[in-house]
Amino acid sequence: MENQALTRVLTFGTFDVFHLGHLRILERAAALGDYLVVGVSSDELNRSKKGRFPIFSQDERLQLVGALRCVDQVFIEESLEQKRDYLVEYRADVLVMGDDWRGRFDEFGDICKVVYFQRTPAVSTTALIEKIRL
Ligand code: C2G
């Protein structure tokens, strides 16, 4: 039987070209509870949001994030509009997002606690891709 007293934390992201900023937010998210679930954005969601496909496919990103010690479960996030459904489906007690999303998910405060963490400065997938290009 599942332990109902577990605090379940849910976070979302693309996690493309995995870097320290990604690891930090996942470790901090995990520290807020007992069980961390990560919604990994699909390739198509990333294309619609950022106008390009990720470097690593959704299956590769799912495997990388899912293999981390601080992560207990992963799934593919197909659409931003389904956030509430995902929160209910995965029985989230806490939603964690980086502060680039501050305020955007406050509406879910009726079903879980919403926490925004400060982004790790000076590291981003976009900057890494640019650096590799040069
Ligand atoms: N992040 C961070 N520090 C960085 C870079 C990223 O803390 N230097 C955090 C972001 O704030 C986000 C998470 O790492 O919470 C994943 O970052 P991205 O892969 O860039 O996520 P994004 O494409 O914004 O996807 O449903 C929401 C989206 O799926 C979020």
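Just going by the charge dipole of the chain, with Lys and Arg at +1 and Asp and Glu at -1 on Cβ, which of F18, I111, L128 is farthest out on the positive end?
Farthest along the dipole direction, towards plus: L128.
Take the chain, connect every pair of alpha-carbon atoms lying under 10 Å apart with a spring to form a Gaussian network, then pick out the residue of I25, I76, I111 with the largest mean-square fluctuation.
Greatest mean-square fluctuation among the candidates belongs to I111.
Could you give the C-alpha radius of gyration of region 8-133 expressed as a fraction of 2.2 N^0.38 Å, taking N as the number of residues it contains?
Against the compact-globule rule of thumb, the ratio is 1.00.
Restrict the search to region 39-134; then list the GluC sites (Glu not before Pro) that DSSP places in a loop and that have at most 11 other Cβ atoms within 10 Å of their Cβ.
The qualifying sites: there are none.
Bear in mind that the values in this text are calculations on the coordinates, not laboratory data. Note that this is a predicted model, so its numbers are computed, not measured. Quick reminder, even Gly has a Cβ in these numbers, built from the backbone with ideal geometry, and neighbours come from all protein chains shown.
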